[in-house]
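J.: I have a structure I would like to understand better, so I am pasting it below and will then ask my questions one at a time.
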Amino acid sequence: MVAFPTFATKFKLIVLDRKIRVGAVSYLNTKPLLYGIENSPVIEEISLITEFPARIADMLLRDEIDIGLVPVSIIPQMKEYHINTRYCIGCDGPVASVCLFSEVPIQEIKTVILDYQSRTSVLLAEILFEKYWQQKPVFVTSGPDFLHQINGTTAAVIIGDRALRQRTVSAYFYDLGEAWKQMTGLPFVFAAWISNKALDPSWVVRFDQANAYGVQNIPRVLEQITESFFDFKIYYTRYLSYRLDDEKKKGLDLFLEMLADKK
């Protein structure tokens with residue numbers, strides 16, 4: 001079971017004499033959370049950087065940031081971790097922006113290219129192939145330019161904004177959030193606010209409130225979005241689920257148990 005540690009009891013509290021270094025995913029799915037952070041007083045207390053998920057994960061593991069909206073699959077690699085706030089990047093069914101794309105039905109797929117920007121989603125895909133679709137394709141890592149390689153029996157896991165665009169291109173796509181829900185009956189957590197040290201609880205409360213402000217103001221977030229390749233009102237309100245509630249924690253526990261079994 002995933003531990004959701006308290007701050008002052010299990011680990012020594014770290015008091016920083018500088019701004020807290022915060023890393024966040026640069027995809028459109030984080031826009032509501034970032035809107036809240038950037039429009040709350042907490043923005044004056046932090047140094048904010050945005051990057052793709054795997055890069056933010058590496059930064060947290062190397063202590064280049066103090067807290068990040070990072071792929072949950074890095075939890076087993078961390079010597080100390082703290083899951084902060086009531087918010088995450090999650091779904092309770094289809095997520096739209098994490099999919100397997102192919103030109104043939106899933107039973108005919110022989111090779112799967114794994115998105116280099118992902119940590120959690122590519123591992124989720126491997127679990128789904130084994131336990132849900134019961135197929136054994138060859139998994140290969142990708143470089144930055146891999147979308148053109150989706151052809152014949154070669155498929156690809158794509159995440160983020162590129163996945164939303166690819167839905168109109170590929171003949172077949174399989175939503176990984178939907179597949180997880182069908183297999184387990186539980187929601188899925190792709191990323192959470194995880195720190196590598198115990199941060200000031202009062203700051204965490206302020207940071208949590210900033211996240212809440214963003215989620216409560218999605219209409220204002222939508223006003224800032226110029227992209228038209230997807231219905232983002234539906235994306236933010238039906239596909240994505242930002243609250244890290246008890247059911248999502250159960251889904252996270254189960255995912256990490258499955259990761260442990262893969263080793």
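J.: Using a 10 Å cut-off on Cβ atoms, rank the peptides 47-55, 127-135 from the highest mean neighbour count down.
T.: Ranking the peptides 47-55, 127-135 by packing returns 47-55, 127-135.
J.: At 1.4 Å probe radius, can you tell me the per residue accessible area of the chain in Å²?
T.: 45
J.: Further question on the same structure: If each of Q77 and Q224 carries a label point 7 Å out from its Cα toward its Cβ, how far apart are those two points in nm?
T.: Each label point lies 7 Å from its Cα, and together they span 2.9 nm.
J.: At R0 = 41 Å, how high is the FRET efficiency between W203 and Y116 if r is their beta carbon distance? Nearest 0.05 is fine.
T.: 0.80
J.: Which loop-located GluC sites (Glu not before Pro) does the stretch 188-263 contain, where loop means any DSSP state but H, G, I, E or B and the Cβ has at most 16 other Cβ atoms within 10 Å?
T.: E227
J.: In the chain, how does Rg compare with the Kirkwood Rh, expressed as the Rg/Rh ratio over alpha carbon atoms?
T.: 0.96
J.: Could you state how much accessible area V215 has, in square angstrom rounded to the nearest 10, with a 1.4 Å probe and all protein chains kept in place?
T.: For V215, solvent-accessible area is about 40 Å².
J.: Which order do the peptides 66-77, 165-176 take when ranked by the mean count of other beta-carbon atoms within 10 Å per residue, highest first?
T.: Highest mean packing first, the order is 66-77, 165-176.
J.: About the Cα centre of the chain, what is the dipole size in debye to 20, counting +1 per Lys and Arg Cβ and -1 per Asp and Glu Cβ, all else neutral?
T.: That gives a dipole near 280 debye.
J.: Still on this structure, I have one more. What nm value, rounded to one decimal, do you get for the distance between D231 and N39 when each label is placed 7 Å out toward the C-beta?
T.: Once both label points are built, they end up 2.3 nm from each other.
J.: So if we plug the beta-carbon distance of H148 and Q182 into 1/(1 + (r/R0)^6) with R0 = 22 Å, what FRET efficiency do we get, rounded to 0.05?
T.: Efficiency at R0 = 22 Å is approximately 0.15.
J.: How about the stretch 194-263: which chymotrypsin sites (Phe, Trp or Tyr not before Pro) there lie in a loop by DSSP and see at most 15 other Cβ atoms within 10 Å?
T.: F229
J.: Positive end of the dipole of the stretch 168-263, charges at C-beta (+1 Lys, Arg; -1 Asp, Glu), about the Cα centre: which of A260, A198, L222 has its Cα farthest in that direction?
T.: The Cα lying farthest towards the positive end belongs to A198.
J.: Something else about it: Would you mind telling me the share, in percent, of accessible area of the stretch 97-216 contributed by carbon and sulfur at probe 1.4 angstrom?
T.: Accessible surface attributable to carbon and sulfur in the stretch 97-216 totals 50 percent.
J.: Hey, another quick one. Under a 10 Å cutoff between Cα atoms, tell me which one of I37, I46, I234 has the largest fluctuation in the Gaussian network model of the chain.
T.: With Cα springs under 10 Å in the chain, the top fluctuation among I37, I46, I234 is at I234.
J.: Pick from D208, D115, D231: which residue has the top mean-square fluctuation in a GNM of the chain where Cα pairs under 10 Å get a spring?
T.: Its mean-square fluctuation being the largest, the pick is D231.
J.: Here's another thing I want to ask about it. FRET efficiency for Q216 and K19, Cβ-Cβ distance as r, R0 = 30 Å, nearest 0.05?
T.: Details: r = 25 Å, r/R0 = 0.84.
After rounding to 0.05, the efficiency reads 0.75.
The values are calculated or read from the model by the stated rules, or taken from the named source; none is laboratory data. The shown structure was predicted, so the numbers you read here are calculated from the model rather than taken from an experiment. All Cβ positions, glycine included, derive from the backbone under ideal geometry; neighbour counts span all protein chains shown. The protein model used for the area step is the full one, side chains on, heavy atoms only, and it has no ligands, DNA or RNA in it. Shrake-Rupley method; radii C 1.70, N 1.55, O 1.52, S 1.80 Å.
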